[in-house]
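The values are calculated or read from the model by the stated rules, or taken from the named source; none is laboratory data. If you're wondering where the values come from, they're calculated on a predicted model, not measured in any experiment. All Cβ positions, even for glycine, are placed from backbone atoms using ideal geometry, and neighbour counts span all protein chains on display.
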Ligand SMILES: [Zn+2]
């Protein structure tokens, strides 16, 4: 069989879990922040699946899913290897914050390499440099990657499907096959599948530089992002659905034997046509929002989705109601009750007829 994996200081041991560190950011106060690495090395050859979590430090359900998934018994049954990184943002985790204290509020999940590099205007931050080093290791070892997140204060667990870009026409076939592999992987995973923002918004928001976006669009390795309910606490149903779904992906990839296990206890959207994420609707003025729908609900065009009130409880806006313009599904609520003018109150899933395998814009 092939040699066991070595990632940072973690050295794979066939049939067992092994632990180590990947050095990330040297701290001026002494010591360092590192990415913890767990390798579940199978006894037989097979693919290598990376599962990363918690790059947004306050999104913790993925970390909990990894703790529940990883045990020696899994490693003993495995073909190939699982590489788990419970946190890609150790600073944010202990600070309970999305960013990292050395990032000045920047989004850590937009710092991975891009397929087409724009000229850098500044030197990379310490964390960006650490991600670049890790990315090289991922690229040379991973057959698949899944990156675990959470969305909003309340949401249904979903798998996000990214567009695949090609820079040269000769790559179009490979891009299409890559997209189909991600589809099959996500079907095996078993959660609702929602396309990422369309119409150029994906690139404008630098989502191609997320962990999974970079693996997919820079390294051409099948990868996707998972949102496991709201944050900042662990949602047990989303955690357990993720554990079952991750094992199902390993079965699909030939890493585990047996039939897929049911993914239960969560709502699943499956309208029979592709849907994409859309932020809608927005409040017309600062107000208190009382939702009239629940996450996972279907809404029709014109349907009121929230009551808008002032602090005294009096209706504001058009009749005190906020309506959806679209036919779609409620995926997430962004915050609690307080919203400012033009802020979006819901992430919806709406019908998507857009192309998902695309030329990279010149
Ligand atoms: Zn996130």
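Summary table below
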item	result
Test result for residue 259, more than 30 Å from residue 359 (Cβ to Cβ), outside any strand (DSSP E or B) and at pLDDT 95 or above	yes
Some residue of region 173-190 being at pLDDT below 95, part of a helix (DSSP H, G or I), over 15 Å from the mean Cα position of the chain (by Cα) and away from the ligand (no atom under 16 Å from the Cβ)	no
Filtered residue count, region 310-361, keeping only those that are surrounded by fewer than 14 Cβ atoms within 10 Å (Cβ to Cβ) and closer than 27 Å to residue 164 by Cα	4
Any chance residue 191 is more than 22 Å from residue 351 (Cβ to Cβ) and touching a strand residue (DSSP E or B) at 6+ places or on another chain (Cβ under 8 Å)	no
Which numbered condition residue 266 fails, given (1) outside any loop (DSSP other than H, G, I, E, B); (2) touching a helix residue (DSSP H, G or I) at 6+ places or on another chain (Cβ under 6 Å)	(1)
Those residues of region 198-227 which are within 16 Å of the ligand (Cβ to nearest atom) and touching a strand residue (DSSP E or B) at 6+ places or on another chain (Cβ under 6 Å), in sequence order	211, 212, 215, 223, 224, 225, 226, 227
Hey, residue 244 at pLDDT 95 or above and part of a helix (DSSP H, G or I) or not	yes
Complete set of residues in region 329-362 that are over 27 Å from residue 313 (Cβ atoms) and not in a strand (DSSP E or B)	352, 353, 354, 355, 356, 360, 361, 362
Residue 288 being in a strand (DSSP E or B) and over 16 Å from residue 348 (Cβ atoms)	yes
Subset of region 154-170 that is in a loop (DSSP other than H, G, I, E, B) and modelled with pLDDT under 95 - its residue that is surrounded by the fewest Cβ atoms within 10 Å (Cβ to Cβ)	168
